[in-house]
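Working notes, beginning with the structure itself.
The values are calculated or read from the model by the stated rules, or taken from the named source; none is laboratory data. Remember, predicted model here, so these are calculated numbers, not experimental data. Every residue, glycine as well, gets a Cβ built from its backbone with ideal geometry; the counts of neighbours run over all protein chains shown. In case anyone asks, the SASA skips ligands and DNA or RNA and just uses the protein heavy atoms, side chains included. Shrake-Rupley method; radii C 1.70, N 1.55, O 1.52, S 1.80 Å.
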Amino acid sequence: MPDTTLMPIPGHIDPMPVPRANLVEGVTPREDGRVDLIGLPKKRIAELFEAAGLDAKAAKLRAKQVFHWLYHRGVTDFADMTDIAKAMRPWLAERFVIGRPEIVEAQHSSDGTRKWLLRTADGHDFEMVFIPDADRGTLCVSSQVGCTLNCRFCHTGTMRLVRNLTVGEIVGQVMLARDALGEWPNANVSSRQTPGPAEVLANALSTNPAEGSPAVPGQARDDDWDEDGGSYSADGRLLTNIVMMGMGEPLYNFDNVRDALKLVMDGDGLALSKRRITLSTSGVVPKMAQCGEEIGVNLAVSLHAVTKDVRDEIVPINRKYGIEELLQACADYPGASNARRITFEYVMLKDKNDSDDDARELVRLLKHYRLPAKVNLIPFNPWPGAPYECSTPERIRAFSDIVFEAGISAPVRTPRGRDIDAACGQLKTAAERKSRAELERLYAEKEAALG
Ligand code: SF4
């Protein structure tokens, strides 16, 4: 079997071999030189298989099979890919891995909400949250470790940005959630006859998969599972919706978020409809049209205030892209219609943004820009050192009534997962919790950077 783990550097000078992974564009290098396939589209997987020695036809075929196993079946071990030749499976495992973010901690709220503290391969922590409802289950996915913005009501905003999450780390959250909820099709892998090491070696020696395999697309040679025997039902899933609303500003990590959501929407893989995916932005205006065109998911906007002064304070990106500019970008958002309304998130802060005048101004703005809109009123979720208090229930109700009476839906969201700090604006890894003085210093730094 050819050793493709190490490759010479092309050109006249070849000072030392480097791991193949370092030469693979778009792939995070691993110390062992293997390539993590999670986060890669089918075409890229085929290119990697070809680079590892398969001929073009076999590479395409294997990529199609492997993609299906990764994203539709959720397997985490090449040995479970039962329609791939037995000899091929160790060959794959030698060169590739099927990654998942590491779970550091899993918490359950008394209301059923679940929060996971996750860790990247290079040791950075981030969080994801699952919120079950009567008719849906929503996974709140993170796009960055930390955040560059410092929305004043948001605990994540008090973290520095550590780095963008990769495509694999974003789509890996959805895969982890399906693992945890037991929502992969019920492949009968337990009945698979697991070969012993001697059998694996004999199989590996009997064929050289790198020289191509006689397998035919869709034809299962070693297949011993019953496709119809599984209990999987698309309609019975717990995880039905995704919101890009966890840690980070998704439009500041646009390419990775786009590529991850394309994998989530791929009909051969996770196959979640774009109508069930919502991307929430604090208002990165220059990226909004691109988001509609290239991703096409539902849009949510963290509005939170209707006057320049207050929004400048609560959502400081407003100093760069003001309310008018933001609402015009919403009016221009590709695909927005009465059937696909834009959601405006509005956190209710006592004596800050919750007056009757604020509610009336909100209605005026939404009507002025003719926005197909719904408004989510979010009672503020306090966190240690937070500079605001939540509006009273009566105030929230009065605000909601004004908006409703103008013909715009404005439900009050029930806070979820407060007891495990999983509610909106509360995500913050424990290692990053800071004193009030540190927070003030960080706010000042970030505000100076915003200008
Ligand atoms: S609300 Fe979103 S964009 Fe604003 S600081 Fe929090 S994580 Fe960042």
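A few points about this structure:
- Gyration tensor analysis over the Cα atoms of segment 49-96 returns equivalent ellipsoid semi-axes of 16, 12, 9 Å (largest first, whole Å).
- When the listed pairs Lys43/Lys86; Lys86/Lys274; Lys115/Lys274 are checked against a 30 Å cut-off, the alpha-carbon distance exceeds it for Lys86/Lys274.
- Computed with a 1.4 Å probe over protein heavy atoms only, the accessible surface of segment 62-178 comes to 31 Å² per residue.
- Legend: Rg and Dmax of segment 329-377, from Cα coordinates, 11.8, 36 Å.
- Counted residue by residue at 0.36 nm each, then reduced by the alpha carbon distance between them, the extension gain from Ala406 to Arg360 reaches 15.7 nm.
- Sites Gln290 and Ser110, calculated FRET efficiency, Cβ-Cβ separation with R0 45 Å, nearest 0.05: 0.65
- Packing-based order for 116-127, 144-155, 62-73, using average beta carbon neighbours within 10 Å, highest first: 144-155, 62-73, 116-127
- Summarising the label geometry, the points placed 7 Å from Cα in the beta-carbon direction at Thr148 and Arg340 lie 2.7 nm from one another.
- Apportionment of accessible area to carbon and sulfur, segment 245-376, percent (1.4 Å): 41 percent
- Positive minus negative residues near Ile342 (Lys, Arg vs Asp, Glu; Cβ under 12 Å): +2
- Extension gain, Thr392 to Glu324: 0.36 nm times the residue separation minus the Cα-Cα distance gives 21.6 nm.
- Rg/Rh (Cα only; Kirkwood hydrodynamic radius) as it applies to segment 294-398: 0.97
- Theoretical FRET efficiency, 1/(1+(r/R0)^6), r = Cβ-Cβ of Arg413 and Asp32, R0 56 Å, to 0.05: 0.80
- Average accessible area per residue (Å²) across segment 282-385 - probe 1.4 Å, nucleic acids and ligands excluded: 39 Å²
- Stokes-Einstein D (µm²/s) once Rh is taken as the Kirkwood radius of segment 343-421 over alpha-carbon pairs, at 37 °C in 0.692 mPa s: 252 µm²/s
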